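The values are calculated or read from the model by the stated rules, or taken from the named source; none is laboratory data. Please read all numbers here as calculations on a predicted model, not as lab measurements. With ideal geometry, Cβ positions are generated from the backbone for all residues, glycine too; neighbour counts draw on all protein chains shown. Surface accessibility is based on the protein's heavy atoms, side chains included, excluding ligands, DNA and RNA. Shrake-Rupley method; radii C 1.70, N 1.55, O 1.52, S 1.80 Å.
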Amino acid sequence: MTTVGPAAVHRLLHRDTVCSVFSGTVATAPTDLLCVTVAHERVDGSRREVFLEWAAKLTGLAAHPHLSPCTAVGLTENGRPYLAVGTARRTLADLLSDQGPMPPGQVRALGVALSDAVAVYHRSGLIHGAIQPAHILVGSGRHLQLTAYDVTAPVLAAPLPPSPYTAPEHLDAAVAGEVAASPAGDVYALATVLYAALGGRLPWVRHAREDAADPLLRAAPVPHIAGVDCELTDIIGAALSPDPRRRPTAETLRQQLTRLPLAGPPSAGRRPDSVAPGLLPRRGLRPVTVAVSTELAPYRPSRERIGLRPRLRSIATATAGVALTGALLGGAALATYAATNPESSGSLCTDPAALAGQIGERLGEQFGDQAESVKVIDSWCAADGQFVVATVDHQGGTGGSGDAAERLAWRIEGEELVVVGDCADPSLPASITEFLGC
């Protein structure tokens, strides 16, 4: 267990090319669950300022009952952006999948609550960019809260694939794997959530995967839903206009839904008893919920015997969690050690450029022609400055995604690094054997 800002992180939930997501808690509210998103990359200069400006807007949000609380946001000790947000164990996608469509009155109330929350978000100069049932938490008493603020956050952002919740004007960017968002796009996505909650079937949600990204289908009129007040679906349909200029703002949508009496005639036919599977993605870009056991059982790596050279390890969930946790600690540990023990650690530990150069040379020797595909996640001095350790990503390895993670260690001998190739060496400190998983 370690800390990211004020949050104690416990177990890795997810890892992608941009961030890792952990379950966590804070000491002031140990029973409240958190999702803690930590960027792999350190930031400085203008990128650091852009992230901190976004973070200031997020922390300056007016408290809203339907926005998941941001517990902490900032930079770790070694300069990695992070975000800790309150979470739950279920989402609206789970609720709709298990219990079917919601009554029109509940959907109208849901629309009023969420459009008001989105309006508050927009007034703060923020854009959500990922409103969908899988990003709406279901708390105690079925209290709903919008979450997943990291999708369009500077540095933390990663593109969502095209889906029925992607506004038509953002389809090209989504297909190209780019991040695109706008206030009008948020209104479109929210209207899609409300239509899905009523059990409606949108014309562009079919079995073929490519339909969700077909801009021509988005021009089709939004049909009324059997057994649902036509005025309600007319308001939702206006927010689903393919022209973003014709959509209401989040504030206007809230006002329209608030004034709606639901006294008009329902559309003919029997109300749907299920929600279209295509409108219920169970997982978003990253997890927003925490499983039952994650906040209580920190991962403990098993001790494996390995040969003369540490083998490439698949980026399995648990291994990646330990790697990033070590990286987070390691950056701070190196800075602390270099500041307090400048003589004993030698120039390699006090000169980041020299250390990076030596590590680069050693990787070139160990990986040969494949050295260019190796990315150093983090590195630091260990065991009182006697060793250098590093966690690297190796593209094209044996992992299921085509990548592999490896932990490496070198003994410092003067100004040179000598690879640790034998875990059975009795002179190795326990911290090094533990790091290598010997």
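Relative to the present Cα-Cα distance, how much length would full extension add between Asp32 and Glu416 at 0.36 nm per residue of separation?
Going from the current span to full extension adds 133.5 nm.
If you place +1 on the Cβ of every Lys and Arg and -1 on the Cβ of every Asp and Glu, how big does the dipole about the Cα centre of the range 1-129 come out, in debye to the nearest 20?
Around 40 debye, computed over the range 1-129.
Work out from phi, with θ = phi - 60° and the Karplus expression 6.51 cos²θ - 1.76 cosθ + 1.60, the ³J(HN,Hα) of each residue of the range 43-55, listed in order in whole Hz, and give x for Gly and Pro.
For the range 43-55, the Karplus curve yields 10, 8, x, 5, 5, 4, 5, 4, 5, 5, 5, 4, 4 Hz.
Applying a 10 Å radius around every beta-carbon, put 110-121, 20-31 in order of their mean neighbour count, most first.
Ranked by mean Cβ neighbours within 10 Å, highest first: 110-121, 20-31.
Which peptide among 229-235, 170-176 comes first, and what is the full order, when sorted by highest mean count of other Cβ atoms within 10 Å?
Output ranking for 229-235, 170-176: 229-235, 170-176.
Check which residues have an amide H placed less than 5 Å from Asp229's amide H, if you skip close sequence neighbours.
Ser267
Tell me the per residue accessible area of the range 119-204 using a 1.4 Å probe; a whole number in Å² is fine.
Solvent-accessible surface per residue comes out at 29 Å².
Quick one: Karplus J couplings for the range 142-158, per residue in order, coefficients 6.51, -1.76, 1.60, θ = phi - 60°, nearest Hz, x for Gly and Pro?
For the range 142-158, the Karplus-derived couplings read 6, 6, 9, 9, 6, 9, 6, 6, 6, 4, 10, 6, x, 6, 7, 5, 8 Hz, x marking Gly and Pro.
Ranked highest first by average number of other Cβ atoms within 10 Å, how do 184-197, 236-249 line up?
184-197, 236-249
Give me the percent of accessible area attributable to carbon and sulfur for the range 54-120, probe 1.4 angstrom.
Of the solvent-accessible surface of the range 54-120, carbon and sulfur hold 52 percent.
Calculate, for Glu178 and Ala62, the FRET efficiency according to 1/(1 + (r/R0)^6) with r their C-beta to C-beta distance and R0 30 Å; round to the nearest 0.05.
0.45
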